[in-house]
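These notes are about the structure you will find just below.
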4 protein chains.
Amino acid sequence: MPSEVRVSIAGASGYTGGELIRLLLAHPGVRIQQVSSQRFAGKSVGKVHPNLRKGTDLSFSPLEEMQPCDALFLCLPHGESSKRKDWVDGIAPRVVDLSADFRLADAALYERWYGKPHPHPELLGSYVYGIPELHREEMRGAMRVSSAGCNATATILGLHPLYAADVVELDRTVVEVKVGSSEGGNESGPATHHPERSGCVRSFAPTGHRHTAEMIQELGRGREIAIHFSATSIDMVRGVLATSHVFLKQDLDEKAIWKIYREAYGGEPFIRIVKERDGNYRFPEPKILAGTNLCDVGFQRDPASNRLVVVSAIDNLMKGAAGQAVPAFNLMCGFEETTALGFLGLHPI
Amino acid sequence: MPSEVRVSIAGASGYTGGELIRLLLAHPGVRIQQVSSQRFAGKSVGKVHPNLRKGTDLSFSPLEEMQPCDALFLCLPHGESSKRKDWVDGIAPRVVDLSADFRLADAALYERWYGKPHPHPELLGSYVYGIPELHREEMRGAMRVSSAGCNATATILGLHPLYAADVVELDRTVVEVKVGSSEGGNESGPATHHPERSGCVRSFAPTGHRHTAEMIQELGRGREIAIHFSATSIDMVRGVLATSHVFLKQDLDEKAIWKIYREAYGGEPFIRIVKERDGNYRFPEPKILAGTNLCDVGFQRDPASNRLVVVSAIDNLMKGAAGQAVPAFNLMCGFEETTALGFLGLHPI
Amino acid sequence: MPSEVRVSIAGASGYTGGELIRLLLAHPGVRIQQVSSQRFAGKSVGKVHPNLRKGTDLSFSPLEEMQPCDALFLCLPHGESSKRKDWVDGIAPRVVDLSADFRLADAALYERWYGKPHPHPELLGSYVYGIPELHREEMRGAMRVSSAGCNATATILGLHPLYAADVVELDRTVVEVKVGSSEGGNESGPATHHPERSGCVRSFAPTGHRHTAEMIQELGRGREIAIHFSATSIDMVRGVLATSHVFLKQDLDEKAIWKIYREAYGGEPFIRIVKERDGNYRFPEPKILAGTNLCDVGFQRDPASNRLVVVSAIDNLMKGAAGQAVPAFNLMCGFEETTALGFLGLHPI
Amino acid sequence: MPSEVRVSIAGASGYTGGELIRLLLAHPGVRIQQVSSQRFAGKSVGKVHPNLRKGTDLSFSPLEEMQPCDALFLCLPHGESSKRKDWVDGIAPRVVDLSADFRLADAALYERWYGKPHPHPELLGSYVYGIPELHREEMRGAMRVSSAGCNATATILGLHPLYAADVVELDRTVVEVKVGSSEGGNESGPATHHPERSGCVRSFAPTGHRHTAEMIQELGRGREIAIHFSATSIDMVRGVLATSHVFLKQDLDEKAIWKIYREAYGGEPFIRIVKERDGNYRFPEPKILAGTNLCDVGFQRDPASNRLVVVSAIDNLMKGAAGQAVPAFNLMCGFEETTALGFLGLHPI
């Protein structure tokens, strides 16, 4: 790789794009070459992302004016990157796609959860699934990575050690995520109108959420599994908290569970096992993760049954999107995985 | 009953007591005789409940100065009413107890969930459990009613028709409630300090919540059942939203589920079945119930499994406490059940 | 008046219209005849105002299908009611207009603050300005009342006694209101997108707010006065808090100020003077007024200067709109002024 | 200075202390030697500041075990640092005091606003007032700096260029700040109990706020001035927005005002002039400053009078406390002023 990697971001006026710009501006090995936006072409970045005022002189370019670069982040709407495959291939050798297009490797799984056939099934499997804790080695030197869905990321990171250790009943897991309004992106509409969205506890996807497919792929690893997933919007801007109810096949106590998590995550730079006896932060809390690339994971054994409740939290725009894309990029380009991701989060907030 | 029922409230400076005063001030058949508070004895009600300024001239009395009355609402801390049984019996023939002391009929169930034996097991069963939708006939003319826990109320009302119709697997139900900060009462402390409590998604009871015992009693009705319950605090003051994941024994479609709910709740004055195709309020939302005695119930069938997700919402201080106590009182005294409970709720809020 | 007044509401799908329906459903002397909405014509009221589900069977009619009635509430966008004068005159003898069209009596004042001439200057002055505390006698039996702007209502009610007593310097008053998102109505857009509007402290009108004209008219009463007004949006749905800084012409102590307020407002059913030594609610707070028609007013003398800080709070959709319109209607029709407005507000909330 | 400056923080378990630890952990020229807390002595920092879990192995020491160091940050309660003068002098040559003890240089001004004589008037004036934009040169190599109050910082930075240019009437300025709950620190109590503090618009200091004295000192610079100051708490954790109403002595248009601000702040690394024609962020907003050391300043000329409204925003824990202390430290020790303060803030949030 060159000493300074030239990076461009397609679809950079959205929330995820803004976070990518923020992170990459502070990356010592990167020069942001171009950032695209059709709607804001010609406008300065600080106009759209007010936190970046004075932080950069970049302006948005229209997509058709993007030049070849060393690495491309794709933050286009779902469906766009598979439609523009040739264009993408011509722009950059290394691509991190933050859309849903290439997360699933199995066309049948895609069709079941997306309700239509994948437009380019021949490309499925050509992207590495973007959670480094599960696919780090595949990412080193890879040319294509597909970032995971935010709810999928929180859930998968919470449950992966248990499924890998094969200690849970495969058909009983119930997962409920509580999510903030930034998950829906920056387009306004009746559903996000403040008087309606404020104070809400909105059951927007009791069943049928598409991220379920990713959980089945990554946790199942070939096994037939069911994830009974629901998603509820709450009055929060950033953050996902996944509460996962799994049922243990064996009678494992909390110490045994600790061991499973420590073995899986003891060396992970972006995962903290959070489980304290007292205080307000006994379990993971998304709010203190705002702006960080951390996933906090905790759990509690139910003494009344074989249930284990796992709680996992992330910032959906960071570990669930832009933040997740940067370690992938770092691994693809040979940088230290944690580069540009040192922010520790704020408290109180 | 006399044409004007003289009512007193013991422990009236808390949030539930405040709501009871508000409701009873507007009750055409009631005169509030006394409201007690040790801490605020001598102070005017409006000093503690600022919404009631100008609404009443009442002041708080110490508990020991309470006089006999026709009906007594007990809003004392858990444990107090069983300890003061003789005093209670001497004050009023009709009692609605809003504490947890007499909700359970079974001493073993109490001990399992409260972690200690009940101090007066001989009294268990002498109170009618306070949800009128399940115990209306027992309440008519009853002398003792024990109001249900707020989380128990939301969950039981969401699931009761399904358990009564015997269509759910008895050991698999997972329930997760999202609750506001008023559930914890009006005593401040580190857990409710605004910078910490604001924006939180706090897993305060992943397992072991005591209200589970009430769910087992009321939904099980003698059957052995498991309710895998968790509770999460969110940034909200009033409200409970229960998301219940039940697994159907038979393949019932949404129409069949509708029928079960309509038969159970079609004539209920305080229950609305909420299930719409579009809009922001497709499912129950606690915020539009603030100040009302309503429980909204909705559901969605999971096409991917035999799961049914039931969503139920209440105002914890109303249908989950003070509001629930008033229909019980009305039924005990021969008033129309809905008296003083006509407020329809605010939108937007 | 007939024993049952037939009332219609034009433009009833907005937030103010929803509140009017809620209030009038509980009015013992009213039958709601029709509620109009172009966008939701044919839909049930509960579909748009989810709090009213089960509370009414009414559906929306298109404006052109409205029938003559005894009294009409106009909740149309600004400009519509002056444009439709003949239609309005033909529908109802009694009209309460909640738009801004007829609040000002002076065409020059209108033009100065609205930036264009009034389309029907000949009609100015034909409507009574809608704050009953200032214009009660004119309202009795009146045929046309124009409800005041929400920010104007909060400010005018806070300051009226001082201006009437002529104790303040006329060119120095600075007023700052903090307002919720429902002030902007129910149309979504980029400015109300939850991730942007949540947590904001948005200086949306540092200068130039149109409600200033109403303050000048009602407080000035012919005198030349300046109101240096600013408005800031905060993370709240309902409510206005006006903080007014006035400068006293004479050295009045707090006792003297109390006297002025008590004389002005001692008998007012919807005004409370709120000024306590301790506690969280020493001064007015909009949140405990949600759903009420109250205006709370308090003040503090600045010992460091001749400044008096006046704090006044309302619910913008109630005392600032729908609630204000109902006493006007009551006075016009000969009902008790407070009819249908007994709700005391919630605490906590 | 040594290549690695050994720094200690006294009173590090509070919110400001936590932010200082976070900032200094990322400072390339600093080693944090000790952090003190009486209450949490022996506990790990991550236990109290949950965002710092895994970010440091530090534990709290009791104050009496603090060792000599190169530089000391004092985050003790007001009154403590003047009481402990000798101890402070013995611990460190360089001190940044974040309490209110040494902000004022004039004993009479202190007594007027604090209501009692200063305990050590002989020390007044020995500390440099901590706003680098006003006192940068005095800070270079200084041994004592006193950080400014958060509300004072926001107000002074908003108004300083105008007062320095002598264009405002000196007796008419009205300032109103909207503040978050973290201003009150991390001690819980009835005033910060979430059900009460949530959604509040609390007029906690209509008059008499002590930070006014700092504004008089720094803006007046010897002139007799009045700042008519009020403070209102809103539902926000971090942030101050100051809305300042000043009255111009001459008829300056917006272009002339721009010039004054640009000349004063054009080269300032931590100040942005924010004034846009459209969008949600036309004026400063505290939320996008969370975690940053920025102060955003904007303004609007009132065409109806000689008023100029100035809007200034900061993060009270950063530019208003911990963040402000770090540039002072950097200047005292010869580091680049902006070291460790590069975080750009989050959007959305």
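All of the numbers you see were taken from the coordinates with simple rules; none came from a lab. None of these values were measured; they are calculated from a predicted model. Please note: Cβ atoms are built from the backbone with ideal geometry, for glycine as well, and neighbour counts cover all protein chains shown.
My understanding is that a pair violates if its Cα-Cα distance is over 18 Å; which of A:LYS178/B:LYS249; A:LYS178/A:LYS287; A:LYS287/D:LYS287 do that in this structure?
Where the Cα-Cα span goes over 18 Å, the pairs concerned are A:LYS178/B:LYS249.
How much net charge surrounds D:LYS178 when only the other residues with a Cβ under 13 Å from the Cβ of D:LYS178 are counted, with Lys and Arg +1 and Asp and Glu -1? If you can, show how the numbers build up before the last one.
On the way: positive: C:LYS178, C:ARG202, D:ARG202, D:ARG238, D:LYS287; negative: C:GLU176, C:ASP235, D:GLU176, D:GLU183, D:ASP235, D:GLU285.
Net charge in that neighbourhood comes out at -1.
Let's test the formula: R0 of 56 Å, r as the Cβ-Cβ distance of D:GLU224 and C:ARG221. What FRET efficiency results, to the nearest 0.05? Mind dumping the intermediate values first?
Details: r = 35 Å, r/R0 = 0.63.
The pair D:GLU224/C:ARG221 has a calculated efficiency of 0.95.
In terms of Cα to Cα distance under 15 Å, which aspartates and glutamates are near enough to C:LYS255, apart from those fewer than 8 places away along the same chain?
Excluding near neighbours in sequence, the set is C:GLU263, C:GLU276, C:ASP302.
Just the Cα atoms of the range B:288-343: what Rg and Dmax do they give in Å?
Cα only, the range B:288-343: 15.2, 49 Å (Rg, Dmax).
Only four residue types carry charge here, +1 at the Cβ of Lys and Arg and -1 at the Cβ of Asp and Glu. Report the dipole size of chain B about the Cα centre in Debye, rounded to the nearest 20.
Taking the Cα centre of chain B as origin, the dipole is about 620 debye.
Starting from the exponent 0.38 and prefactor 2.2 Å, build the expected Rg for the range B:151-316 from its residue count and divide its actual Cα Rg by it.
Ratio of Cα Rg to 2.2 N^0.38 Å: 1.04.
Would you calculate the convex hull of the Cα atoms in chain A and tell me its volume per residue in Å³?
139 Å³
Over the range D:151-316, what is the percentage of antiparallel beta bridges among all DSSP beta bridges, to the nearest 5?
In the range D:151-316, approximately 75 percent of DSSP beta bridges are antiparallel ones.
Once you order the gyration tensor axes a ≥ b ≥ c over the Cα atoms, which shape class does the range A:205-285 get: rounded for a/c under 1.5, otherwise prolate or oblate by comparing a/b with b/c? Numbers along the way, then the final one.
Working: a/c = 1.74, a/b = 1.13, b/c = 1.54.
Because a/c hits 1.5 or more and a/b fails to exceed b/c, the range A:205-285 counts as oblate.
Counting residues in the range A:139-185 as N, plug N into 2.2 N^0.38 Å and put the Cα Rg over that result. If you can, show how the numbers build up before the last one.
Details: Rg = 14.2 Å, N = 47, 2.2 N^0.38 = 9.5 Å.
After normalising by residue count via 2.2 N^0.38 Å, the value is 1.49.
What's the magnitude of the charge dipole for the protein assembly as shown around its Cα centre, counting Lys and Arg as +1 and Asp and Glu as -1 at the beta-carbon? Answer in Debye, nearest 20.
My answer is approximately 0 debye.
Per the helix-only calculation at 222 nm, which mean residue ellipticity applies to chain C, given -39500 (n - 2.57) for every DSSP H run of n ≥ 4 and division by its residues, nearest 500 deg cm²/dmol?
-7500 deg cm²/dmol
Through the Karplus equation 6.51 cos²θ - 1.76 cosθ + 1.60, θ set to phi - 60°, convert the phi angles of the range C:248-258 into ³J(HN,Hα) values in whole Hz; use x for Gly and Pro.
7, 6, 10, 7, 8, 8, 4, 5, 5, 5, 3
Å³ per residue of the Cα convex hull, for the range B:70-218?
Hull volume over Cα atoms, normalised by residue count, gives 136 Å³.
Can you compute the radius of gyration and Dmax for the range D:225-268, using only the Cα atoms, both in Å?
According to the Cα coordinates of the range D:225-268, Rg and Dmax are 14.7, 39 Å.
Semi-axes of the range A:32-142's equivalent ellipsoid from the Cα gyration tensor, sqrt of 5 times each eigenvalue, largest first, rounded to whole Å? Kindly include the intermediate steps, with their values, before the conclusion.
Numbers: eigenvalues 163, 55, 39 Å².
That gives 29, 17, 14 Å for the three semi-axes.
Over the Cα atoms of the range C:104-168, how large are the radius of gyration and the largest Cα-Cα distance (Dmax), in Å?
13.3, 37
Along the charge dipole of the range D:247-349, which of D:ALA322, D:PHE299, D:LEU341 sits closest to the positive end, that is, farthest toward it, with unit charges on the beta carbon of Lys, Arg, Asp and Glu (+1, +1, -1, -1)?
Of D:ALA322, D:PHE299, D:LEU341, it is D:PHE299.
Using a 10 Å cut-off around each Cβ of peptide D:294-303, what is the average number of partner chain Cβ atoms that fall inside?
For peptide D:294-303, the averaged partner shielding equals 3.
How about the range D:200-298: which trypsin sites (Lys or Arg not before Pro) there are in a DSSP loop, with at most 15 other Cβ atoms within 10 Å of their Cβ?
Numbers: sites: D:ARG202, D:ARG210, D:ARG221, D:ARG223, D:ARG238, D:LYS249, D:LYS255, D:LYS259, D:ARG262, D:ARG272, D:LYS275, D:ARG277, D:ARG282, D:LYS287; in loops: D:ARG210, D:ARG221, D:ARG223, D:ARG238, D:LYS249, D:LYS275, D:ARG277, D:ARG282.
Hits after loop and neighbour filter: D:ARG221, D:ARG223, D:LYS249, D:ARG277.
Please give the FRET efficiency for A:MET143 paired with D:GLU65, using the beta carbon to beta carbon distance and R0 = 60 Å, rounded to the nearest 0.05.
With R0 = 60 Å, the Cβ-Cβ based efficiency is 0.60.
Between the range A:297-320 and the range C:166-209, what is the C-alpha centre distance in whole Å?
The two parts, judged by their Cα centres, are 41 Å apart.
Assuming R0 = 56 Å, can you tell me the calculated FRET efficiency for the pair D:ASP251 and A:LYS116, based on Cβ-Cβ distance, to the nearest 0.05? Don't skip to the answer; put the middle values down first.
Numbers: r = 65 Å, r/R0 = 1.16.
Computed FRET efficiency for D:ASP251 and A:LYS116: 0.30.
Would you mind pulling out the separation of the Cα centroids of the range B:66-121 and the range D:58-83, in Å?
Spelled out, the Cα-based centre of one part sits 51 Å from the other.
According to a simple spin-label model (label point 7 Å from Cα along Cα-to-Cβ), what is the distance in nm between B:LYS54 and B:LYS83?
Output for this residue pair reads 4.0 nm.
Local charge sum around D:ALA325 (other residues, Cβ-Cβ under 14 Å, Lys/Arg +1, Asp/Glu -1)?
+1
Can you give the % of DSSP beta bridges in the protein assembly as shown that are antiparallel, to the nearest 5?
45 percent
What fraction of the DSSP beta bridges in chain D is antiparallel, stated in percent and rounded to the nearest 5?
Looking only at bridges with both residues in chain D, the antiparallel portion is about 45 percent.
Quick one: if you stick a label point 7 Å off each Cα along the C-beta vector at A:GLU276 and B:THR338, how many nm between them?
The two pseudo-label positions are separated by 5.0 nm.
With a Cα-only, solvent-free Debye model of the range A:1-76, what are the log10 I(q)/I(0) values at q = 0.21, 0.23, 0.25 Å⁻¹?
Per q value, in the given order, log10 I(q)/I(0) is -0.84, -1.01, -1.19.
Based on the Kirkwood radius over alpha-carbon pairs, what value in µm²/s does the Stokes-Einstein equation return for the translational diffusion coefficient of the range B:158-208 at 20 °C and 1.002 mPa s?
153 µm²/s
Taking only the alpha carbons of the protein assembly as shown, what extent do you get along each of the three principal axes, in Å, biggest first?
Principal axes ranked by extent give 86, 79, 65 Å for the Cα atoms.
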